[in-house]
1. Check the range B:161-183 and report whether any residue there is acidic (Asp, Glu), away from every other protein chain (no Cβ under 13 Å) and within 16 Å of B:PHE74 (Cα to Cα).
2. Which residues, taken from the range B:97-132, are among the charged types (D, E, K, R) and without any contact (Cβ under 8 Å) to a residue 60 or more places away in the chain?
3. Could you check the range B:87-109 and list, in sequence order, the residues that are open to solvent by 10 Å² or more (accessible area, probe 1.4 Å) and either touching a Ser or Thr at 6+ places or on another chain (Cβ under 9 Å) or within 12 Å of chain A (Cβ to nearest Cβ) (or both)?
4. Criterion first (touching a helix residue (DSSP H, G or I) at 6+ places or on another chain (Cβ under 8 Å), touching a residue at least 24 places away in the same chain (Cβ under 8 Å) and not β-branched (Val, Ile, Thr)) does A:LEU173 satisfy it?
5. Which of the residues belonging to the range A:131-160 are away from chain B (no Cβ under 14 Å), surrounded by fewer than 21 Cβ atoms within 10 Å (Cβ to Cβ) and touching a helix residue (DSSP H, G or I) at 6+ places or on another chain (Cβ under 7 Å)?
6. Looking at B:ASP69 and the list (1) part of a strand (DSSP E or B); (2) of a type in the set (Asp, Glu); (3) within 14 Å of another protein chain (Cβ to nearest Cβ), which single condition is not satisfied?
2 protein chains.
Amino acid sequence: MLALVKLNYMRETPQQPFGTRLLSISKNPTDMGTIRREGLAAVAKNPQRLYVQNLPMKLDAQWITGFVDGEGCFYVGINPHPEMTAGHQVLPEFTVVQHERDVKLLHALKDFFKCGVVRTNHGDRMAYRVRGKDHLLQYIVPFFVKHPLKTSKRLDFEKFKDILLKMKAGEHLTEQGVEEIRQIAQKMNRGRLR
Amino acid sequence: MLALVKLNYMRETPQQPFGTRLLSISKNPTDMGTIRREGLAAVAKNPQRLYVQNLPMKLDAQWITGFVDGEGCFYVGINPHPEMTAGHQVLPEFTVVQHERDVKLLHALKDFFKCGVVRTNHGDRMAYRVRGKDHLLQYIVPFFVKHPLKTSKRLDFEKFKDILLKMKAGEHLTEQGVEEIRQIAQKMNRGRLR
């Protein structure tokens, strides 16, 4: 008999290894997210970190919005890619970077958004990163439409969203579309400030 | 007849000038905070900024916690002060720094916490700052006790709180107390990371 089982390595969204699953958002809706306690090995390794991670932690939408207002980045890269019809690849990404001591918070964001990966950024910095138009359109954009950012980073998000909607319509696959996206992307982040 | 009127310049907490009062937290509890619309003069001056400021804005406790997790700083300075008995002055402060384009957000924090000032930090950076043990003990510490920070910045806050409780007990007025406070303060912020 053939059982319909989806093995972990077949999942579209990469899962963090077992050790980091200790930080997971509770499924109890009245609780909204709790960090589970770590084992004794972790205590011996770094008691200071445990002190933070043992505290109950609510990750709710408004906290995430505030944190992303401070630490988040919406970015659209446009790289030459001779194999594509338009000659360029459009690479939107949403990133939150933290010192490695707060990596569990990045995993909590990953759990919350149900997409993305946590990777080393550079040196002792870790990054939560969501790439690819499908996950961005499905999870990230709707969240920040529903829970608007309050700093001027919102202007970046609006352009990020506009570019993703163009990508949804396939405009990034034509030279003209890439040029229009480039015009918008130039006004994001530091470009907005000029 | 003598009327009991408290003029604006007599207030203990400095009020921002009229123009910046446009950003104020709504008193409607179901609304939790709305930015009022600016006049046409502001539109002509800088249409991009108006775009952000016109959007409805909720400033709630969890957003503030998330934003402070990213952008806030708890700091205790200890300066030589020959006129004081202990020979030193202990200066705790809570600060949030932003680019001047988001100064209205700093005023919103000031309105929320009912204390502190918004001032130029350096260059194009503005700071929301609360100094003085009374306001810190009355408004800032209880807020972050009730709404715990989620990053390891919480460790700084805990030490900040411990120092303020020592100050409440008058320990900063003795040489021994200042030395104990110095020991705690050295382990905050960058000192915590060493």
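1. As a first pass, look at the range B:161-183 and keep what is acidic (Asp, Glu): B:162, B:171, B:175, B:179-180.
Checking the rest, the ones that are also away from every other protein chain (no Cβ under 13 Å) come to B:162, B:171, B:175, B:179-180.
Pick out the ones that are also within 16 Å of B:PHE74 (Cα to Cα) and you get B:162.
Checked against the condition, which is being acidic (Asp, Glu), away from every other protein chain (no Cβ under 13 Å) and within 16 Å of B:PHE74 (Cα to Cα), the range B:161-183 yields at least one hit.
2. Correct list: B:GLU100, B:ARG101, B:ASP102, B:ARG119, B:ASP124, B:ARG125, B:ARG129, B:ARG131.
3. Listed by number, the residues that qualify are B:VAL97, B:GLN98, B:HIS99, B:GLU100, B:ARG101, B:ASP102, B:VAL103, B:LYS104, B:HIS107.
4. no
5. A:LYS133, A:LEU137, A:TYR139
6. (1)
The values are calculated or read from the model by the stated rules, or taken from the named source; none is laboratory data. In this text the structure is predicted, and so the values were computed from the model without any measurement. Positions of Cβ are generated from backbone atoms using ideal geometry, with glycine treated the same way; all protein chains shown enter the neighbour counts. Side chains are part of the model used for accessible areas, which takes the heavy atoms of the whole protein and leaves out ligands, DNA and RNA. Shrake-Rupley method; radii C 1.70, N 1.55, O 1.52, S 1.80 Å.
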